[in-house]
Amino acid sequence: MTEKPPVEIVIPNYNGHEAIALCLEAIRRRTAYPTYGITVLNNPGDGQDAPYLRLLRDARAIRLIETDHDRKPGEAMYDLLHASPSNWVCHMESDVEVLTPDWLDILMRPIQNPECDIAVARWIMAWDDDKAVTPPVWGPEVMLLNLRLYRPFLEPDDFQQRSIPLADYKYRARLPVILPPNYSGYVNLDTCWRFTEKVTYENSARFRVAHIPAGYFGFKVRHYDGISTRPTRPEIQPRWAMIRTNLAALRRS
C-alpha cells in the first residue's frame, strides 16, 4: 500500500469566532486522511479568537502563528506557506466546514500517482466580453499545493485581492474577474490572482493542475461565503446563524 504523504492544512484567521471553531473542530472530527497537521495564522482582530486558539495549540491540536498586527490575505498566506513543515499544503479559508471524512483524500488522489502538482476546488469562472471562457480559474477556498515545487515562485502578493486599471492587466483575454458595473476601466482581481497567473498563463515551471469536480463544494465541504468580508451585512446574518447551529450540533455528536 502506498504511504500517504503528510499534508499541512493552513488557515488564515481574522475574527473567525464561531466560524474558525467550526472549521477546526470539523476538520479534527471528520478527516479520515491519516497524516495531516493544522497551522492557523491568527490576526489580532478584536482579540476574541486568541484564547480559544491558544487552548488548541496547548493541546497540540494545531500549530499557531500569532501576529502583532492584522495581515492582508496575501501576507498571511505567504507566512503560512513558509511556515509549513510539509511539502504538501492544503490552503483553506476559516469559513469552510468539511462535511465528509474523505474530503482530503479526494484532493490528494490525483497527486498520488503522481500525475499533478496542484489540486484545486471551487470554480471562479473567467469572463471575456460577457461570455465564459476556458480554461476557468479559481478562488482559493480549498486548494492543495506542492510547496516544494511552488516555493521558488512564491511572492507576498500571490494570494492578494485588488483592483487595477484594466490596461495594466497582462492577460486581458482571460480575466479571473467580473468588471464592476461602475468601473469599466478597472478589473476586480479575486484572491490568488498572481497564483492563477503563475500556474496557468505563465506556468514556466510546467505545473500540472488537477481540477476537482464542481460537486465537491456542497457535498464534501461547505463555504459560508461573505462572513469574513461582510460580517455585519443583513444578508450574512443567516450564515452566522447556520454556523452557530452546526457548531452546536457537531459538539453534541
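Annotations
- Pairing residues of segment 137-149 that are of a type outside the set (A, V, I, L, M, F, W, C) with residues that are modelled with pLDDT under 80 and in a strand (DSSP E or B), at Cβ distances under 7 Å and at least 6 apart in sequence or on separate chains, gives Gly139/Arg122; Gly139/Ile124; Glu141/Arg122.
- Evaluation of Arg60 against (1) buried (at least 19 other Cβ atoms within 10 Å of the Cβ); (2) not in a helix (DSSP H, G or I) (one fails), failing number: (1)
- Considering residues of segment 72-115 that are closer than 16 Å to Lys4 by Cβ and acidic (Asp, Glu) only, the residue surrounded by the fewest Cβ atoms within 10 Å (Cβ to Cβ): Glu115
- Test: Leu55 is out of contact with any Cys (no Cβ under 9 Å at 6 or more places or on another chain), buried (at least 16 other Cβ atoms within 10 Å of the Cβ) and assigned to a helix (DSSP H, G or I): no
- Residue within segment 141-161 that is crowded, with 16+ Cβ neighbours inside 10 Å, modelled with pLDDT of 70 or more and in contact with a Cys (Cβ under 6 Å, 6 or more places away or on another chain) present: yes
The values are calculated or read from the model by the stated rules, or taken from the named source; none is laboratory data. Because the structure is predicted, anything quoted here is derived from the model rather than measured. Don't worry about glycine lacking a Cβ; one is built from the backbone with ideal geometry, like all the others, and counts go over all protein chains shown.
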